[in-house]
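The values are calculated or read from the model by the stated rules, or taken from the named source; none is laboratory data. As the structure is a computational prediction, the values presented were derived from the model and not from experiment. Cβ placement follows ideal geometry from the backbone for every residue including glycine, while neighbour counts extend to all protein chains displayed. What goes into the accessible areas is simple: the full protein's heavy atoms, side chains included, and nothing from ligands, DNA or RNA. Shrake-Rupley method; radii C 1.70, N 1.55, O 1.52, S 1.80 Å.
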Amino acid sequence: MVDLESEVPPLPPRYRFRDLLLGDQGWQNDDRVQVEFYMNENTFKERLKLFFIKNQRSSLRIRLFNFSLKLLSCLLYIIRVLLDDPTQGHGCKELNRGCSSQNYTPAKIDWSPIIWVNRSLPLWGLQVSVALISLFETMLLGYLSYKGNIWEQVLRIPFLLEIINAVPFIITIFWPALRNLFIPVFLNCWLAKHALENMINDLHRAIQRTQSAMFNQVLILISTLLCLIFTCICGIQHLERAGNKLTLFDSLYFCIVTFSTVGFGDVTPKIWPSKLLVVIMICVALVVLPIQFEQLAYLWMERQKSGGNYSRHRAQTEKHVVLCVSSLKIDLLMDFLNEFYAHPRLQDYYVVILCPTEMDAQVRRVLQIPMWSQRVIYLQGSVLKDQDLLRAKMDDAEACFILSSRCEVDRTAADHQTILRAWAVKDFAPKCPLYVQILKPENKFHIKFADHVVCEEEFKYAMLALNCICPATSTLITLLVHTSRGQEGQQSPEQWQKMYGRCSGNEVYHINLEDSTFFAEYEGKSFTYASFHAHKKFGVCLIGVRREDNKNILLNPGPRYIMSATDICFYINITKEENSAFKKQEQHRKNNESKSYYHGPSRLPLHSVIASMGTVAIDLQDTGCRSSSGPTLTLPSEGSKNGRRSSIAPVLEVADSSSLQACDLLSDQSEDETTPSDDDISTGLEYAKGYPPYSPYIGSSPTFCHLLHEKVPFCCLRLDKGCQHNYCEDAKAYGFKNKLIIVAAETAGNGLYNFIVPLRAYYRPKKELNPIVLLLDNPPDMHFLDAICWFPVVYYMVGSIDNLDDLLRCGVTFAANMVVVDKESTMSAEEDYMADAKTIVNVQTLFRLFSSLSIITELTHPANMRFMQFRAKDCYSLALSKLEKKEREKGSNLAFMFRLPFAAGRVFSISMLDTLLYQSFVKDYMISITRLLLGLDTTPGSGFLCSMKITEDDLWIRTYARLYQKLCSSTGDIPIGIYRTESQKLTTSESRETASQSQISISVEEWEDTKDTKEQINNRNNHRNSTSSDQSDHPLLRRKSMQWARRLSRKVPKHSGKTAEKISQQRMSLYKRSERQELAELVKNRMKHLGLSTAGYDEMNDHQNTLSYILINPSPDTRLELNDVVYLIRPDPLAYVPNTISSRKNSFCNTIGQDAREETQL
């Protein structure tokens, strides 16, 4: 073995402890060499070079001194010219004593006034001093900048001009006779121009300003023009000493008139040297100035493309926000501008757009509109460059919006770019608030530092999931997050459009309780009491509250929550309280004494809320928690019917213990886990409640859900293939009791997890859990299957909606809802709006094959929703299209809201939620409230969004106000809106006037096709004389059709009209039936080929003759109608759970809870 210690060399003497104590005696014999670095900079020349050239600040001072020296020399020349008199002697006595007495003819030039001038001795001394200093400085700078070639220094134009202007003055020191010799000192203006350019360059280097090309070019152009004019003025004036003897002012006048091409001719040069000088100067100007102008124009065009700078002065005196995008589309720009400037307090803000691409033609045209050109500044640049962030003055911005490019094929790469932009802004301006839009949820944790984050896939899938159990949730959220004044559709003859447009103006606002007129009187009272009475009195809907010392918002915290003076109240109203005016209740009643009640939307002015909106008297007799009727919405006993109107229990100011106990369990719509039903026992399904053990991405909010006791094997998750645990191969074989929810997506992204969670939340009753089938184009990965295998009745199948066989295998005939998610691979197209083409055509095929299926579709562009469930000859759709164009001309942000698929919640575009991020700049709570409504966040004590359907047994309540009271007094629910479905009647205002005479109602189906419609028109036209052209040559316009129907009803006998109409309807039905049966036969044949039963396929049941819309926060006197779906915010069932299980099993409360489950439908 090698001895390691013997191989280690001893320490040098200088490192021994003894040597450290005794000193450096051992170093004397050391052979080290001391090296001094940068010795070259210690020489005298290098120190001078550092001071005159290299150092930015000292060099700037030298340039400034040189510039001042040249200006002084030009000023001394002007003084000399003003003091000189050409008629006197010229100082040539000693050299040419007889020159002053000679006479010259005009043809012969007297050169002595040109060669000699009269220069006083003090003026000569000053000029000599300036010349000595200038020459010394020039020689010194030439020596310091010498690089081996002497001729390169000597032949430079500035050096030659310096020699011409300085050396003659030095010669006059030694030869006094030449003191009056003319020296062209005015040429120092060109040296001053050169010094000015160098000075500006040093200034920009000293202040670290790099974006100065435009400024430099303008400075060069102006200085060049001034030097040309000054040279011409001085040259003409001096040469004309031998001619017209012009003054400086006359010479200035001549140069300006000449260079401006006016040429009056009253002042002209007389001798040929001055004429030659004018020719030379004009030639020089024609060559130099166009070059300068060309360079300036080029820089100006480049500046226009890049956008220039946002000045520091403007940034410090004005407020601005920065919008960072990878590519700017006109739709994105207009959505941002319309939503941002919809708020009154943002009118004085400026929007600076920072985009790496050049502005396209559409955006350029829009930004040239005066309304936007004064407030929007476009800068071409990258967020990753500090120079471009400095141009945008990011450190002075009020906010920075970073938007992702959702049209990219690789959405993950788009998120990566967004993350880098967010990091760059945070690094450059740490105090600037960040509003970031991200696409995929797994990338969200990288930007947790941002003030507000909207993850597109999270919101999208949660909203689509709630659409399946709370119809039109997407439309509800979209209307809430858009800024609207509620004026859309008010000029329409359709009553539903007026109500729908009016209620769409409701938004979420906030106010402190102690400062509020709406809620101040409810301090110390329960939340439900404050919400009900505020709605009854003012028409506002109190939905949430936040404590002063708590950041969490609570939606409907329930009757136990006591309002405090420092609470922040969140409410839904047509406008915020600060913009509201109030009338006394007595005056309002007096004005409406003789008027009948108006059952419809409130007639309040746009920016006013009138007190005492409720006009229906509500009986507030019984104050106890009655067990006879319970908290359900069932009809009271027969005894109450014979007397006065049905009574509803009042909403207590502070709920007592008995009502609290009842309300706690009433809120819990789930079954008792300890007593499973017989169905559960027979099927062997037992669910547990808990948090999902595995999340597919970082940053998902934990949600209490229905879970399985053991995770399902991956093979059992495949719906269309049997395994050793399960032999079912199609949806029919599983025998599901509830209808399916099918999700058609391209890939099983992590965002799809947010579709499952809201549908498996703990407050959903077990018996109402719909099976979920994921129809995926590509097989899911193991991580995703690990996340979903704990949820009950969740399956997947590889297939596409393009394939009819895949649709039938996944159980489309047993589905309640079909959710079609926009595919990432089709989001980008050469023509932007064509990105939705494949999705629209596929959904249209589904609509024709399975007309009873409720299809919820996601589109990339909101403008394409007009093609959903398209009918070419539908005159009602044509009328809605005209209405949309009118609303867009009026400047509405929601022009598409009257399209039937959007109003019914059957179509959705994630770009409509971009306004959620924009609104957060003014309402920083909107993202939190939206996440709570969608179930993305679960705050303890906060309620959740659900719905109930009005049945015939519930119509005794009659009005929305009484329903509000019934819910608040029983279950503690807060209603926020109504989803109403009506039969679609295509009647115009003209047909309504004569409806009693014509008795003709026209539906959408009666005008869809053309063949039998032509026959019907021809048969009916036989009963009257008509000179008009055949109607088949024109489109089936609604107005003309109704005019024809009205004339027909007047001229044709009653029985004849009915007979003709009946025959026509039969023909139309026969034709349609043949087309539908053809499609039905196709579907049935495929089902038989696949071995599937055709019993569940009903080809005739459809809902094409109905229209649906949403009324957000309707007026208290709005009448309830059959099949209305009421949106509720239900209190958290776990908010007031007692500690002991025995208290939860109170028999009385259990009975109440069961009654509530039977009558309140989700």
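Couple of notes before you dig in:
- Any hit, the stretch 765-781, residues being open to solvent by less than 40 Å² (accessible area, probe 1.4 Å), under 30 Å from PRO1131 (Cβ atoms), out of contact with any strand residue (DSSP E or B) (no Cβ under 7 Å at 6 or more places or on another chain) and not in a helix (DSSP H, G or I): yes
- Verdict on HIS452 being of a type outside the set (Val, Ile, Thr) and crowded, with 21+ Cβ neighbours inside 10 Å: no
- Test: residue in the stretch 603-612 that is of a type in the set (Val, Ile, Thr), touching a His at 6+ places or on another chain (Cβ under 7 Å), modelled with pLDDT under 85 and surrounded by 15 or more Cβ atoms within 10 Å (Cβ to Cβ): yes
- Condition check for ALA422: over 30 Å from LEU900 (Cβ atoms), in contact with a strand residue (DSSP E or B) (Cβ under 6 Å, 6 or more places away or on another chain), free of Cβ contacts under 8 Å to residues at least 60 places away in the same chain and part of a helix (DSSP H, G or I): yes
- Just one of the listed residues (ASN1101, ASN1139, ASN1113, ASN1085) is at pLDDT 80 or above and out of contact with any helix residue (DSSP H, G or I) (no Cβ under 9 Å at 6 or more places or on another chain), and it is ASN1085.
- Looking across the stretch 362-402, the residues that are touching a Ser or Thr at 6+ places or on another chain (Cβ under 7 Å) and open to solvent by 50 Å² or more (accessible area, probe 1.4 Å) come down to GLN380, GLN387.
- The stretch 972-991, residues that are within 22 Å of GLU1121 (Cα to Cα) and modelled with pLDDT under 90: GLU982, SER983, GLN984, LYS985, LEU986, THR987
- Of the helices (runs of 4 or more DSSP H) lying entirely inside the stretch 803-899, those containing at least 2 residues that are touching a strand residue (DSSP E or B) at 6+ places or on another chain (Cβ under 9 Å) are 804-809, 837-849.
- Checking each residue in the stretch 465-480 for being over 18 Å from ARG899 (Cβ atoms) and touching a helix residue (DSSP H, G or I) at 6+ places or on another chain (Cβ under 6 Å) picks out ALA465, LEU466.
- Residue within the stretch 158-169 that is under 60 Å from the mean Cα position of the chain (by Cα) and either closer than 26 Å to PHE67 by Cα or surrounded by 11 or more Cβ atoms within 10 Å (Cβ to Cβ) (or both) present: yes
- SER647 being under 30 Å from MET463 (Cβ atoms) and at pLDDT below 85: no
- Flag for LYS576 being without any contact (Cβ under 8 Å) to a residue 12 or more places away in the chain and open to solvent by 10 Å² or more (accessible area, probe 1.4 Å): no
- Scanning the stretch 46-61 for residues that are touching a residue at least 24 places away in the same chain (Cβ under 8 Å) and open to solvent by less than 30 Å² (accessible area, probe 1.4 Å) returns a single hit, SER59.
- Lone qualifier among LYS721, LYS732, LYS737 - being part of a loop (DSSP other than H, G, I, E, B), open to solvent by 30 Å² or more (accessible area, probe 1.4 Å), closer than 22 Å to VAL819 by Cβ and not acidic (Asp, Glu): LYS737
- Filter result (among the polar types (S, T, N, Q) and open to solvent by less than 10 Å² (accessible area, probe 1.4 Å)) within the stretch 866-908: none
- Here ALA761 fits the description: under 31 Å from the mean Cα position of the chain (by Cα), surrounded by fewer than 22 Cβ atoms within 10 Å (Cβ to Cβ), at pLDDT 85 or above and among the aliphatic types (A, V, I, L, M).
- Pair list, Cβ under 9 Å, 6 or more apart: the stretch 442-457 residue under 24 Å from ALA745 (Cα atoms), other residue of a type in the set (Phe, Trp, Tyr) and open to solvent by 10 Å² or more (accessible area, probe 1.4 Å): GLU442/TYR697; ASN443/TYR697; LYS444/TYR697; VAL454/TYR435
- Per-region count, the stretch 782-802, residues farther than 18 Å from MET818 by Cβ and assigned to a loop (DSSP other than H, G, I, E, B): 4
- Of the residues making up the stretch 909-934, those that are part of a loop (DSSP other than H, G, I, E, B) and either buried (at least 22 other Cβ atoms within 10 Å of the Cβ) or of a type in the set (A, V, I, L, M) (or both) are SER920, VAL922.
- Qualifying residue in the stretch 477-484 (condition: on the phi > 0 side of the Ramachandran plot and surrounded by 20 or more Cβ atoms within 10 Å (Cβ to Cβ)): no
- Being of a type outside the set (A, V, I, L, M), open to solvent by 10 Å² or more (accessible area, probe 1.4 Å) and either at negative phi or at pLDDT 90 or above (or both) holds for only one residue in THR959, THR951, and it is THR951.
- A count restricted to the stretch 854-863 and to residues that are of a type outside the set (Gly, Ala, Ser) and surrounded by fewer than 20 Cβ atoms within 10 Å (Cβ to Cβ) stands at 1.
- For THR747, the stated conditions hold: it is in contact with a strand residue (DSSP E or B) (Cβ under 8 Å, 6 or more places away or on another chain), among the β-branched types (Val, Ile, Thr) and open to solvent by 30 Å² or more (accessible area, probe 1.4 Å).
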